[in-house]
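Working notes, structure below.
The values are calculated or read from the model by the stated rules, or taken from the named source; none is laboratory data. Keep in mind that this is a model prediction, so the values were computed, not measured. Every residue, glycine among them, receives a Cβ derived from its backbone with ideal geometry; neighbour counts consider all protein chains shown.
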Amino acid sequence: MNVVILGAGRVGSAMAIDLAKDKRFHVLVADRDERSLEALRTGYGIPGERIDVSLESSVRRVVAKADFVISAVPGFLGFRTLEAILESGKNVVDIAFFPEDPFALDELARAKKVTALVDCGVAPGMSNLLVGHIAAGLQRTDRVRIYVGGLPSVRQWPYEYKAGFSPIDVIEEYTRPARFVRGGKVEVCPALSELELIDFPDLGTLEAFVTDGLRTLAHTIDAPDMIEKTMRYPGHAERMHMLRETGFFSETPIDIDGVSVRPIDVATRLLFPMWQMGEGDEDITIMRIVVEGLGPKGLGPNGPGPDGLGLKGGVRTTYDLVDRYDRATGTTAMARTTGYTATTAVRMLAAGLFSEPGVIPPERLGRDAACTEFILSGLRERGIVYRKSVEPLEVAASA
């Protein structure tokens, strides 16, 4: 089976290396960065093709013979790239963090009779899948909390941050309005707001703030209280907020001595070298997913009981993830947790475990126990372990 991966960055390269180990797949990577492609050719024997992924005609040409496509392009190219893949009639796993509504392409995917697994990374991605999986087992879902962060193992002033994926997508996280659900209604607030502190074992205190990571969950999960937050070392949000409010992330050109300059171009030129992971840099990916609700009648965390969980049937389910840089392979934690989710999803499609046409968010996979176990098992085989805990919780008897 032929797999074309669009994007040869850290995550795209990790996906290519992972799939190329599987003799069932013939992998081709497409990118405009010849250095990244050459590294895959010489280091792993993975063929690459230099294309401009911003051109839909180039995308359609390179995916023409693919059985499966993985889109790992930057978010601002994501929607148009996905549309071009679907127009080509190809099954696709997409990890592009684009702002447009992916369901706008559902009719196209159905017409082409192909499956488009969107937002299929770590968060959004596994966060959605596990929320969907937990919610499917509840009589009623009351509360969802998602905390996720990619952090450098070593804190360095001034930003104490290194980008484990496309830096331009990091800035998108800080500028794109964030959606969450409160009182059963979707609300919007500026990214970086709703700041709180949260403690993690072995990592200490982190700060968490809203970003637009809830994504499709805001419309597919019936819960009155849902929010997703990004985690960083304390102080990072204030620095990013200051830069944003000062205008450094603005795309509106300003005039400087007769020269038109976009502030974001200046900011990225200065920030990206400081955020780039260099030789010897290591990272950590952490995530906590907490879902509360009314559990199945007569079932508690340890099985059947005369009165369910004993506290009006309430249950809180938590999944925790801590993944670290792989020194043996030089693969970042963010590339592992994001990329291997997507490659495991490709294997799931190739195995025929899921074939529903249309635009499919990860929470839809989560409702299928076999799909969920396939993904979790595939990640465990690669050392990525989501640890589950369940505890009783007192909840109101009715919504």
Number of the exception - Glu172 against (1) touching a strand residue (DSSP E or B) at 6+ places or on another chain (Cβ under 9 Å); (2) crowded, with 16+ Cβ neighbours inside 10 Å: (1)
The listed residue being of a type in the set (Phe, Trp, Tyr) and farther than 23 Å from Lys229 by Cβ, out of Phe79, Phe98: Phe79
Matching residues in segment 28-55 - criterion: being under 22 Å from the mean Cα position of the chain (by Cα) and not hydroxyl-bearing (Ser, Thr, Tyr): Val29, Ala30, Asp31, Val53
Residue check, Arg176 of a type outside the set (Phe, Trp, Tyr) and in contact with an Asp or Glu (Cβ under 6 Å, 6 or more places away or on another chain): yes
Test: residue in segment 100-118 that is in contact with a strand residue (DSSP E or B) (Cβ under 6 Å, 6 or more places away or on another chain), at pLDDT below 95 and closer than 30 Å to Thr332 by Cβ: no
Positions within segment 243-269 being surrounded by fewer than 11 Cβ atoms within 10 Å (Cβ to Cβ) and aliphatic (A, V, I, L, M), in sequence order: Ile256, Val259
Subset of segment 109-126 (residues that are more than 15 Å from Asp368 (Cα to Cα) and assigned to a helix (DSSP H, G or I)): Ala109, Arg110, Ala111, Lys112
Count of residues meeting criterion [surrounded by 20 or more Cβ atoms within 10 Å (Cβ to Cβ), assigned to a loop (DSSP other than H, G, I, E, B) and aliphatic (A, V, I, L, M)] in segment 142-169: 0
Residues (touching a helix residue (DSSP H, G or I) at 6+ places or on another chain (Cβ under 9 Å) and exposed (fewer than 15 other Cβ atoms within 10 Å of the Cβ)) located in segment 33-43: Gly43
Out of Gly78, Gly12, sole residue that is in contact (Cβ under 8 Å) with a residue 24 or more places away in the chain, of a type outside the set (Val, Ile, Thr), closer than 23 Å to Pro362 by Cβ and part of a helix (DSSP H, G or I): Gly12
Qualifying residue in segment 267-288 (condition: modelled with pLDDT of 95 or more, in the same structural domain as Asp320 (by TED's automatic domain parsing), touching a helix residue (DSSP H, G or I) at 6+ places or on another chain (Cβ under 8 Å) and farther than 29 Å from Gly121 by Cβ): no
